[in-house]
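Read through the structure below, which is laid out as structure tokens, and then see the notes.
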Ligand SMILES: *Cc1c(COP(=O)(O)O)cnc(C)c1O
């Protein structure tokens, strides 16, 4: 048995009311239609479009398969420019398509791909850019689009962190050619496992719906080697209920983020990210960056100290994707090419942030960092 104070985890899944969910499950049991574009699937897509303010969306079983499918749908070839400061699925999706990832360093103030460094990474084989809205901070979508237009590249945003994020009143999911979301249990909005792709037009929506269903376009016609990645009715119903409560969960996260910022603003050697002007954030993560010299303790020592006190942060993203066996041999994986990303990966701890944290919990976490 664990001893000491109650365990505080880095996140906690947003769960729908069980009685409400049971009612929907009863209905699904009565209908006996449990997957393959059922009524809850359709309803969930419609509700998401209106919540996220996007024209078209296609639901998936997780957040990795829409990334893989986006590259397939846009017929990307050769090299894809991406960021090493992300969850490994971003780069894996490039590898799964038989493409070569090319890593570009990040900007320390947003943790996103540094737009100033993209052009130098473009070669005649480059056909796409796959940036990540890291921690839900919007990429410089305008600059990235300008570069993409100049070199005729496609842009696929891994928006796994960016559920509900808006910039100047517009959904961040509307930029680029396609954007993908993850509804994994650890994300701001979850369907246990799940994900989605956002697309600008109806014909792409139709094609993506084929691709996530083996390529079937009707009963007897298969138009492409698609995968099976359809979201089922059980999780669609769960998602519909969670959509009703996600705003209050984001509000609770926001309160935690502001408490952290206030408490940590004068702690030497601890840096955190600020809200960006004109951006509606979702407060999915609260990364801090520990400068060992100034703070007087290493990132790992602080991480272990928190753990010993039953506070579980997460070194997210550490190690960098470019250091994993599959990718470390690439020229662009050289640490000299990724100096900012390397530094931040060695400094970062994501502090616990979720809708179930109490004031007491937050104070306990702050106390461990300031003392
Ligand atoms: C979570 C995540 C994914 C993968 O999503 P899954 O739903 O776990 O497959 C991809 N990219 C990023 C940046 C993520 O955080």
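Of note:
- Beta bridges assigned by DSSP with both partners in the chain are antiparallel in approximately 60 percent of cases.
- Sorted by Cβ density within 10 Å, fewest first, the residues 299, 328: 328, 299
- Beta bridges assigned by DSSP with both partners in the range 246-370 are antiparallel in approximately 100 percent of cases.
- Translational D in µm²/s for the chain (Stokes-Einstein at 4 °C, 1.567 mPa s, Kirkwood Rh from C-alpha pairs): 60 µm²/s
- Helical mean residue ellipticity (222 nm; -39500 (n - 2.57) per DSSP H run of 4+; nearest 500) of the chain: -11000 deg cm²/dmol
- Using equal-weight Cα scatterers in the Debye expression, the normalised intensity of the range 83-209 in log10 at q = 0.09, 0.14, 0.21, 0.22 Å⁻¹ is -0.24, -0.61, -1.42, -1.54.
- Taking the number of Cβ atoms within 10 Å of each Cβ as an exposure proxy, the fewest-first ranking of 258, 183 is 258, 183.
- Sorted by Cβ density within 10 Å, fewest first, the residues 110, 358, 83, 342: 358, 110, 342, 83
- The range 39-63 and the range 105-156: distance between their alpha carbon centers, rounded to Å: 26 Å
- Two-decimal ratio, the range 246-370, of alpha-carbon radius of gyration to 2.2 N^0.38 Å: 1.15
Read the figures in this text as sums done on the coordinates, not as results from a lab. Small disclaimer: the values here were computed from a predicted structure and weren't measured. Because the Cβ atoms are built from the backbone with ideal geometry, glycine has one as well, and the counts that use them run over all protein chains shown.
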